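Bear in mind these aren't lab numbers, they're just calculated from the coordinates by the rules spelled out. Please read all numbers here as calculations on a predicted model, not as lab measurements. So basically every Cβ, Gly included, is an ideal-geometry build from the backbone, and we count neighbours across all protein chains shown.
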Ligand code: GLY
Ligand code: MN
Ligand code: MN
């Protein structure tokens, strides 16, 4: 693995917290993701299932974690199944985890080869009353019509054990994962630090007539050199009006003199992510209008992020941010005060220029799991990302930082990423 091995106390603690929420005499089964295939014999690579990683630390395909805390035999209380290697795998792919390494990474004493899963489970299922199975329940999940290993496990288990009770492992993990431990916060901070350095490199590299993908290359170079595994998501390098397409990521346009670039990117380090957005002028000097829009968004970021503190409901935080942006849109002459006073509250006018939410959980997933009906709590990590998009002026501006909520307020984990106009211009002109 590219990252420093994580102390297994993180996963031991995570399992303890997960188990404390399981119903009596039940078994939890968590499975790894598939290696995604491309065309022919090409593969797109492997990204671990984040619930399995959270509970085991294992970053390898064909892994199954079984937890049966009430098993009468101690050896059955936690069993980790990993892929058994062979000469062919060694020759073509290299080493897989040994049982000793799997113990070291996960802190689980009993490691079995994946081929022993069915028989081992049969002994446990005989005693148990029900199963917790993993499933992607994310509110924006993108798995439409895609069969996953989790889907296959649900189907297999329900066919083999139709009369057991079934429960949702994701309901437990979505309650645990939003509140980060100190170790997890360090890992998000590491990803954030790589982002900060990468952004400075982009600022220094930017020149008019460059292609957007040349700036993307700066990000890729920095992240690989820093031991990160991959972009947290396909980075958005959007010059001029491209910045008004919220998920633009073809990054194939020319960065023209006079345009502003929106750069929304994240780093995945040890499976933990950062997610930041900055905007800067291609030629190193904000125009008057770009500076006005940028200053408006920066004001919303600074003011809005103050509500990322314990006890605040996400819905109230979002409402406050909408009010802040609405006021700025009036000052920018994009909305009229009277029109706003008389607007249909169900169709507020600001949505023409600001159409997305501004806080999401961040962690093992960029849009990390967790309920948005839950008040903010110390230990949560969230983004704050207000924006103003004016396609008719070829300006799209979003600013995004990552915040750790503390007992008294929050800490901006990406505070060292240049954001003041004078700092950005100074870096671009040195
Ligand atoms: N880049 C995705 C987001 O900011 O949420
Ligand atoms: Mn974000
Ligand atoms: Mn982002």
Counting each DSSP H run of 4 or more residues in the chain as -39500 (n - 2.57), what helix-only mean residue ellipticity at 222 nm follows after dividing by all residues, to the nearest 500 deg cm²/dmol?
-> -10500 deg cm²/dmol
Going fewest to most other Cβ atoms within 10 Å around each Cβ, 417, 153, 119 line up as 119, 153, 417
Go through 262-273, 358-369, 335-346 and give me the packing order, highest mean Cβ count within 10 Å leading.
-> 262-273, 358-369, 335-346
Mean shadow area of segment 320-428 over all directions, Cα convex hull, nm² | 9.3 nm²
Can you give the angle from 0 to 90° between the axis of helix 9-19 and the longest principal axis of the chain, with both taken from C-alpha atoms, to the nearest 10?
-> 80 degrees
Reduced to Cα centres, the span from segment 369-430 to segment 267-327 in Å works out to 4 Å
What order do you get for 421-429, 224-232 when each peptide is scored by the mean count of other beta carbon atoms within 10 Å, highest first?
-> 224-232, 421-429
Helix 314-331 versus the longest principal axis of the chain: what angle, 0 to 90°, nearest 10, using Cα atoms?
-> 20 degrees
Would you mind ranking 106, 253 so that the residue whose beta carbon has the fewest other beta carbons within 10 Å leads the list?
-> 253, 106
May I ask for the angle, rounded to the nearest 10°, between helix 149-160 and the longest principal axis of the chain, with both axes built from Cα atoms and the value confined to 0 to 90°?
-> 30 degrees
Quick one: what does P(r) look like for segment 1-43 with 10 Å bins over all Cα pairs, in whole %?
-> 19, 30, 28, 19, 4
Convex hull volume per residue for segment 232-282, taking Cα atoms only, in Å³ | 68 Å³
Starting from the Kirkwood radius over alpha-carbon pairs of segment 75-115, derive D by Stokes-Einstein at 25 °C in a medium of 0.890 mPa s and give it in µm² s⁻¹.
-> 226 µm²/s
Rounded to two decimals, the Debye log10 I(q)/I(0) of segment 134-233 (Cα scatterers, no solvent) at q = 0.10, 0.21, 0.24 Å⁻¹ is -0.52, -1.08, -1.18
Taking neighbour counts of Cβ atoms within 10 Å as a proxy for exposure, in what order, fewest first, do 113, 92 appear?
-> 92, 113
Any idea what the alpha-carbon Rg over 2.2 N^0.38 Å comes to for the chain?
-> 1.08
What the 5 Å binned alpha carbon P(r) of segment 1-128 shows, as percent of pairs per bin from 0, is 2, 10, 19, 23, 20, 12, 7, 4, 2, 0
